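Please treat every number below as a calculation from the coordinates, not as lab data. All of these numbers come straight from a predicted model, not from anything done at the bench. A quick note on method: Cβ atoms are made from the backbone with ideal geometry, for glycine too, and the neighbour counts reach across all protein chains shown.
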Amino acid sequence: MTDNTTELKANTNPDIKIKIVLGDTQSLFRLGIISTLSHEADIIIEGEASSKEELIDKVTCTIPDVVLLDINLPTGNSLDLIKKIKQLLPTVAVVVITPHIDSEELFEVIKAGASGYLNRDVNANELIKVIRKAGSGQYPISDMFASQPVVATKVLSLFQHLAQGKEIESFISPLTPRETEILNYVAHGNSNKQIAVQLNVSEHTIRNQITCIFRKLDANARTEAVWKALERGIISFKLYPSLQISSKKSADSSGG
């Protein structure tokens, strides 16, 4: 495996592990993922499954940090499965693995609450990077908008169509200006820590404000809150470069 530097490195604390459950139809693919991740000290495979029922059992028994989910997992709709997992365990990040990147499918998995979306031929470094981001509470699915602008344009068009096709529920946003600002950062994949650095407040404050956002939007997860805000026109999913916080800026701001 090529040793390329990734944006998010392994946690140096040996007691902190990212727990993974893998749901995929192909046993050889699962073995390949397990072999790849076995080299990472901060990632541990808690279970694997080849069907919806088996995956739900593994997830509820092990309570992982990240679920790697084959979009074509048999016995049930995978979008409904994502929603089910998020209902059972809102803090679990679901990373969808697909045979090919598709804008309409990406649109649907975002609405369902997925945190990541990867092509099945993803390389090891990218897979590990996405797992670490998702496991730390980030939203790596937003990286698709920067890396694949054609797909991004199509997805944004679908969101705009969704918003236009619905009557606006209220002309007044239920969120305060600061909460709206924080939700914009969330929509662009920033973690609580990154948002706290950018806004010069504590991470605890950001957690409390995100909890308020969830309550006001009747959402259980970050992706659901973003989707509901987009649907109601509270935020606009545009690629604002100013909202992207580089790791260098975060380190400089924190005195690293």
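Observations
- Measuring between their Cα centroids, segment 10-87 and segment 212-231 lie 25 Å from each other.
- Ile97 long-range amide H proximity, modeled H, under 5 Å: Leu69, Asp70, Ile71, Leu118
- Charge tally in the Cβ shell below 12 Å around Thr211, where Lys, Arg are +1 and Asp, Glu are -1, Thr211 excluded: +3
- Each of Ser35, Ser50 was scored by other Cβ atoms within 10 Å of its Cβ. Listed from fewest to most, they are Ser35, Ser50.
- When each of Val95, Val201 is scored by the number of other beta-carbon atoms lying within 10 Å, the sequence from fewest to most is Val201, Val95.
- Whole-Hz ³J(HN,Hα) from phi, Karplus 6.51 cos²θ - 1.76 cosθ + 1.60, for segment 133-142, glycine and proline x: 5, 4, x, 9, x, 7, 10, x, 4, 5
- Label separation (Glu53 vs Glu203): 4.1 nm, computed from points 7 Å beyond Cα along the C-beta direction.
- Per-residue HN-Hα couplings for segment 59-68 [Karplus 6.51, -1.76, 1.60; θ = phi - 60°; Hz; x = Gly/Pro]: 5, 5, 7, 9, 6, x, 8, 9, 10, 8
- Neighbourhood charge, 12 Å Cβ-Cβ cut-off, centred on Asn192 and excluding it, Lys, Arg +1 and Asp, Glu -1: +2
- Relative contact order (%) - segment 17-60, alpha-carbon pairs under 8 angstrom, separation at least six: 50 percent
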